[in-house]
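The values are calculated or read from the model by the stated rules, or taken from the named source; none is laboratory data. Model, not experiment: these values are computed from the prediction. Cβ atoms come from the backbone with ideal geometry, glycine included; neighbour counts cover every protein chain shown.
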Amino acid sequence: MKNDNSVRERIVEAGIKLFLANGFAGTSVKQLAEAAGVAKGTLYWHFKSKDQILEEIFDRFATEFYEPLFKKVEECDGDFLTKFKVYYKTITESALEKKELVMVCTTISGELAGTNTDAERKIRDIQMKFHDFNKRLLEYGKKEGTIPADCDTDTQAHILLGSFAGMHLQWYLFEQSFDAGAYARAYRWSILRGLGVKSAE
């Protein structure tokens, strides 16, 4: 089949838009095929089910959103606050650049919670990698003394995960009514203060 990558890309892009608009359960294979401009048979040639389309979207989220973040922070030389500045700058810029991708993964994660499906297991594994990365970063700050010694880094890593999801949702819902830059700076300040960091600037 010619232009396999182009067809596959159209199907994935249709999935991002429709899952975000209608939810995963509210989107049919027929709708996905129509939005991608392909026959249902063509869609099934590329993906066995709409679950596989969602799993590919999750893979893209990990590759395009998390992996560049991990790389930039790990390559950054400096103390915890320097690394955290790179961390926060990267994650907020990526969230703006890949708005639909971030939002569909955030909202569909909630829809899948408790379903025990392959897609739920995939997004949980992806998010646990982010949790583990957050925990390592917090341990780094704890070791140098920037974060208090009694900080439970495992729990705080989960809180960071949840708070970023909520922050992005609020950002997208109200982006027309407030200064996104000021919001991002205030949120960063709140996180650092919540971690017990005295110098949150």
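Listed conditions (1) within 26 Å of LEU195 (Cα to Cα); (2) free of Cβ contacts under 8 Å to residues at least 24 places away in the same chain; (3) in a helix (DSSP H, G or I) are all met by GLY78, apart from (3). Within the stretch 135-159, residues that are farther than 16 Å from THR82 by Cα sit with their Cβ atoms under 7 Å from residues that are hydrophobic (A, V, I, L, M, F, W, C), at 6+ positions apart or across chains, in these pairs: LYS135/ALA157; CYS151/LEU138; CYS151/LEU195; THR153/LEU138; GLN156/LEU138; GLN156/LEU195; ALA157/LEU138. When each of LEU54, LEU96 is tested for being among the aliphatic types (A, V, I, L, M), in a helix (DSSP H, G or I) and modelled with pLDDT of 95 or more, the lone residue that passes is LEU54. Of all residues in the stretch 102-154, those satisfying the criterion of being hydrophobic (A, V, I, L, M, F, W, C), part of a loop (DSSP other than H, G, I, E, B) and either surrounded by 14 or more Cβ atoms within 10 Å (Cβ to Cβ) or in contact with a Lys or Arg (Cβ under 6 Å, 6 or more places away or on another chain) (or both) are ILE147, CYS151. Checked across the stretch 40-47, the condition of being under 18 Å from the mean Cα position of the chain (by Cα), at pLDDT 95 or above, more than 30 Å from GLU139 (Cβ to Cβ) and of a type in the set (Gly, Ala, Ser) holds for no residue. The test for being touching a residue at least 24 places away in the same chain (Cβ under 8 Å) and surrounded by fewer than 19 Cβ atoms within 10 Å (Cβ to Cβ) does not hold for LEU173. Out of the residues in the stretch 2-21 that are over 19 Å from the mean Cα position of the chain (by Cα) and part of a helix (DSSP H, G or I), which is modelled with the lowest pLDDT? Checked the stretch 2-21; the qualifying residue modelled with the lowest pLDDT is ASP4.
Examine the stretch 80-91 for a residue that is aliphatic (A, V, I, L, M), modelled with pLDDT under 95 and under 13 Å from the mean Cα position of the chain (by Cα), and state whether such a residue exists. Looking for residues that are aliphatic (A, V, I, L, M), modelled with pLDDT under 95 and under 13 Å from the mean Cα position of the chain (by Cα), one finds at least one in the stretch 80-91, hence yes.
This table checks each residue for (1) touching a residue at least 40 places away in the same chain (Cβ under 8 Å); (2) assigned by TED's automatic domain parsing to the domain that holds ARG185.
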{"residue": "LEU32", "(1), (2)": "no, no"}
{"residue": "LYS40", "(1), (2)": "no, no"}
{"residue": "GLY110", "(1), (2)": "no, yes"}
{"residue": "ALA119", "(1), (2)": "yes, yes"}
{"residue": "MET128", "(1), (2)": "no, yes"}
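Here GLU74 clears all of (1) of a type outside the set (Lys, Arg); (2) more than 15 Å from the chain's Cα centre (by Cα); (3) crowded, with 20+ Cβ neighbours inside 10 Å except the condition numbered (3).
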